[in-house]
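**Q** Below are the structure tokens for one structure; questions will follow.
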Amino acid sequence: MQKAALFECQSCASEYPKWKGQCEACGEWNTLIETKSVKENKLKNNYNKDAKSTVLADVVQEDIFYYKTDITELDNVLGNGLVKGSVVLLGGEPGIGKSTLSLHVCQQCAQQAMKVLYISAEESEGQIKSRALRLDKNGITETLWVFSQTNMMAIIKECERLDPDIVLLDSIQVVQHPELSSLEGTVSQVRYCATTLINWVKSHDKSAIMIGHITKDGQIAGPKVLEHLVDAILYLEGDRHFNYRILRCHKNRYGSTDHIGLFEMKEQGLIPIKDPSQAFIETAQDTTPGSVIVPYSQGNRIILLEIQALVIESGYGMAKRNFVGINPNRANLLIAALDKLCHLKLSAHDIFLTVIGGFSITDPSADLAIAVAIISSLKQQAVSDRVGICGEVGLTGEIRPISYVDKRILELKKCGFKGGIIPKRNVLSSTSLNSFNIIQVGYIKDVLQYSFINHNDAHA
Ligand SMILES: Nc1ncnc2c1ncn2[C@@H]1O[C@H](COP(=O)(O)OP(=O)(O)O)[C@@H](O)[C@H]1O
Ligand SMILES: [Mg+2]
């Protein structure tokens, strides 16, 4: 094994023999730090010389075995549970609840007599115990083992000794492999430690969850290659000022990435939200101008979200724009379309938009609701009582069709809504129309006459 001084970019893992201010590969500044590389020639002659390919027809199909964690919100996101022989990477901002969720999983699995090893490189065994007691007193079982350790070799040795069914590592950025001299958290350490654990898990047909920190721009810290090595990537998201947490699947080798899990952070840990639609609605719509409810599709799940707008005349200078939970590019585009097509003079107004509950909107099906919220605040007219609004707005002002319309209407009905405004070009099944007041609009201008309680002066 030959060791050489080397500089490595912490952003893209490119290697350089000399220090540079800027990485040539990714263009980032000050990301090069000194590290030692392990140049392994192990693979040179060390491979199975009899290895051959197989005709697909002769390949024996493997059954997928799922460990149910009994946390349905998590099982659904993973497809059907934690797959035996798989490695899941769980990412999220500090303090969002990754360790809490992982400990829930460990406690639930241990209660089903699976042997679980919770390895923490960040917390002491005593800290884990007090959190475990807070989360679930019944989850302190004989089959749940904890190990506070940062050395990767010691971790693998303990895995060999204990032979657990499920291993949890909190977190991959804090463990260190003694074969590399670089500091924990550097790209080479993260990659080497992850590969070491994944190799052990795969060769012993176990399951593992690795926790990963994320960078400022929301990526899992460490090389992209880490994302290719694992079987599933989950992100726990949420606004730290709110208690709601969303578990999203970014990649899944064993199922779809459509499902999301919703949790609420409480004293007893992350509790699944039973009725998400009610959770994100705050104000009485019919009395509050600027507030609009959108039946929003998140994967294949519909949640009612409340969008609030505040539009006020600007003072001197540039009009202010501030968006929370809404993509600024999308919002600015909508504002420009509204300005031009409905003659609303929005360029002379400050516009603030927010999604209640810390939720982030990415799907354009919320466009129409955002547009109506802006108009509602500008006109100081509340949206008609218990009406949900959804539709994508094109640049020319046409309302484009969206997916899952029947499902959206069903969710509105379930929550006691009386009507909905949806795109004209969406075709509805007859059951959706039963006892529900649906208005279909073709152009952005059309909503001006339908959506407000008092629309005398709503025509621009
Ligand atoms: N005693 C407590 N009661 C209620 N909530 C707590 C308590 N202790 C910690 N929390 C919550 O748990 C969060 C930390 O979760 P944790 O799982 O450690 O996050 P992460 O591992 O993602 O950094 C805190 O931000 C706080 O909201
Ligand atoms: Mg943690």
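**Q** Just to confirm the number: angle between the C-alpha axis of helix 405-414 and the first principal axis of the chain, 0 to 90 degrees, nearest 10?
**A** Helix 405-414 and the main axis of the chain meet at about 80 degrees.
**Q** Can I ask one more? Within a 10 angstrom radius of the beta carbon, how do E237, E24, E125 rank from fewest other beta carbons to most?
**A** Fewest-to-most Cβ neighbours within 10 Å comes out as E24, E125, E237.
**Q** Give the list, by residue number, of cysteines in the chain with no other Cys Cβ closer than 4.7 Å, or say none.
**A** Cysteines of the chain left without a disulfide-compatible partner: C106, C109, C159, C193, C249, C342, C390, C415.
**Q** Just to compare against my own numbers: the Cα pair-distance distribution for the chain, 20 Å bins, whole % per bin, please.
**A** Computed distribution, short to long bins: 22, 43, 30, 5, 0.
**Q** Taking the Cβ of D165 as the center, what net charge do the other residues with Cβ under 13 Å away carry, scoring Lys and Arg +1 and Asp and Glu -1?
**A** +2
**Q** Work out the length of the dipole vector of the range 65-273 about its Cα centre, built from +1 on the beta-carbon of each Lys and Arg and -1 on the beta-carbon of each Asp and Glu, and round it to the nearest 20 debye.
**A** Dipole magnitude for the range 65-273 comes out near 120 debye.
**Q** Using only the alpha-carbon atoms of the range 278-450, report the extent along each of the three principal axes, biggest first, to the nearest angstrom.
**A** 52, 32, 29
**Q** Could you tell me how far the Cα centroid of the range 284-339 sits from the Cα centroid of the range 360-399, in Å?
**A** Centre-to-centre distance over Cα atoms comes out at 7 Å.
**Q** Given the range 303-383 reduced to its alpha-carbon atoms as identical point scatterers, what log10 I(q)/I(0) does the Debye formula return at q = 0.12, 0.25 Å⁻¹?
**A** After summing over all Cα pairs, the log10 values are -0.30, -1.33.
**Q** If the only charges are +1 at each Lys and Arg Cβ and -1 at each Asp and Glu Cβ, what is the size of the charge dipole of the range 278-450 around the Cα centre, to the nearest 20 debye?
**A** Once rounded to the nearest 20, the dipole reads 260 debye.
**Q** Roughly how tilted is helix 328-342, in degrees to the nearest 10 and between 0 and 90, from the longest Cα axis of the chain?
**A** Tilt of helix 328-342: around 10 degrees.
**Q** Could you tell me which residue out of L262, T362, I273 lies farthest along the dipole of the range 255-376 toward its positive end? Charges go on the beta carbon: Lys and Arg +1, Asp and Glu -1, centred on the Cα centre.
**A** T362
**Q** Note the angle between two axes, namely the Cα long axis of helix 98-111 and the longest principal axis of the Cα atoms of the chain, as a number of degrees from 0 to 90, rounded to the nearest 10.
**A** 70
Taken together, the values in this text are just the output of simple stated rules run on the coordinates, not laboratory data. All of these numbers come straight from a predicted model, not from anything done at the bench. With ideal geometry, Cβ positions are generated from the backbone for all residues, glycine too; neighbour counts draw on all protein chains shown.
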